[in-house]
1. How many residues are of a type in the set (D, E, K, R), buried (at least 17 other Cβ atoms within 10 Å of the Cβ) and assigned to a strand (DSSP E or B) if we restrict to the range 177-220?
2. Answer yes or no: is there a residue in the range 179-188 that is touching a helix residue (DSSP H, G or I) at 6+ places or on another chain (Cβ under 7 Å) and of a type in the set (Val, Ile, Thr).
3. Among what's in the range 138-163 and is surrounded by fewer than 19 Cβ atoms within 10 Å (Cβ to Cβ) and among the hydrophobic types (A, V, I, L, M, F, W, C), pick the residue that is modelled with the lowest pLDDT.
4. Report, by residue number, each residue of the range 99-122 that is assigned to a strand (DSSP E or B), crowded, with 20+ Cβ neighbours inside 10 Å and not aromatic (Phe, Trp, Tyr).
5. Of the conditions (1) out of contact with any Asp or Glu (no Cβ under 9 Å at 6 or more places or on another chain); (2) modelled with pLDDT under 90; (3) not β-branched (Val, Ile, Thr), Arg203 clears all except one; give me its number.
6. Which residue is modelled with the lowest pLDDT, if the candidates are limited to the range 164-200 and must be small (Gly, Ala, Ser) and within 24 Å of Ser261 (Cβ to Cβ)?
7. Kindly provide the set of residues from the range 32-63 that are modelled with pLDDT of 85 or more and more than 24 Å from the chain's Cα centre (by Cα), ordered by number.
8. For Tyr43, are the conditions met, namely being farther than 15 Å from Val144 by Cα, hydroxyl-bearing (Ser, Thr, Tyr), touching a Leu at 6+ places or on another chain (Cβ under 8 Å) and surrounded by fewer than 24 Cβ atoms within 10 Å (Cβ to Cβ)?
Amino acid sequence: MKIIRFSACIIVLLLSILQVPAMARQKKQPFILYPPNGPSNPYVLSFPVRVSRPGEIRVYGKLNKKPKFMQVWIQVLDKKSGKIVADTVADQKHTNFQLRYGVDSLDLKNGGRFEILISNNAPPFGHSSRRDRISGELLIDYPVQGETDNRVHPVYPDLSVEEISLDATCHIQVMIGNHGPGRIMGIFWKKNGPSVMLRRNGRSWGGVGLPVIDPDHELARPGGKIIYHSRLRVGGNENIQATIVPGPHLKDNDPANNTRSVTLSCAH
């Protein structure tokens, strides 16, 4: 364990002892978070973790007392990219909390190295004091290879065309969701990412890529949904087909739901 300090707000979480699945490794660690040295200098503890198969990093925590508002933060840091991939803030009404992050095959290709960061932050209003010291116990559960099985099962996203409809001006709109369990990495917003292709009465009607249909990266995580509002307008009774094409380097977990067809009619 090493102690580090960051010049920004960091994170929260901690523990409730739950049953842990096979093919997982646990780190159980008591900790003390001393008061921060000001609003931009929280007190931070760092716990390194290396995963070796797809699954979930689960962080469970229990504090010795209820935290103040926005006091205790927990984050999962991707060592390869230097980015925070999951975070939460301890609820000031409870002492138990948890944080989860889904690890997929792309995380493993990037080395599978993460750090769990727990920080004691200065309150948004007022000043820190000695009474802001807080302690607790942390349980980190993370997937490793070969605990009970030595097979790697890659985890992919499941992109689905949920619905095709018309807006008030008879333009096509397509709802798309990511059913998981895998994520879509940020690189796919730059190149070789998914696209939506439209067909009208069996003929190609154009297509657009991920940066256009989902500029806010809502589909990056399982459960994310977006509605793409196209500029294409329906006239009379027409058969419209929408297909989400994963692209050359992104495998889809269930290609069967990538396409949907409907017959639409504009009343205007």
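1. Final tally of qualifying residues: 2.
2. yes
3. Within the range 138-163, the match that is modelled with the lowest pLDDT is Val152.
4. Step one: list which residues in the range 99-122 are assigned to a strand (DSSP E or B), which gives 99-103, 113-120.
So of that shortlist, the ones also crowded, with 20+ Cβ neighbours inside 10 Å come out as 99, 101, 103, 114, 116-120.
Matches in the range 99-122: Leu99, Val103, Ile116, Leu117, Ile118, Ser119, Asn120.
5. The number of the failed condition is (2).
6. The extreme case among them is Gly193.
7. Scanning the range 32-63 gives a single hit, Leu63.
8. On the way: farther than 15 Å from Val144 by Cα: yes; hydroxyl-bearing (Ser, Thr, Tyr): yes; touching a Leu at 6+ places or on another chain (Cβ under 8 Å): yes; surrounded by fewer than 24 Cβ atoms within 10 Å (Cβ to Cβ): no.
The answer is no for Tyr43.
The values are calculated or read from the model by the stated rules, or taken from the named source; none is laboratory data. The shown structure was predicted, so the numbers you read here are calculated from the model rather than taken from an experiment. Every residue, glycine as well, gets a Cβ built from its backbone with ideal geometry; the counts of neighbours run over all protein chains shown.
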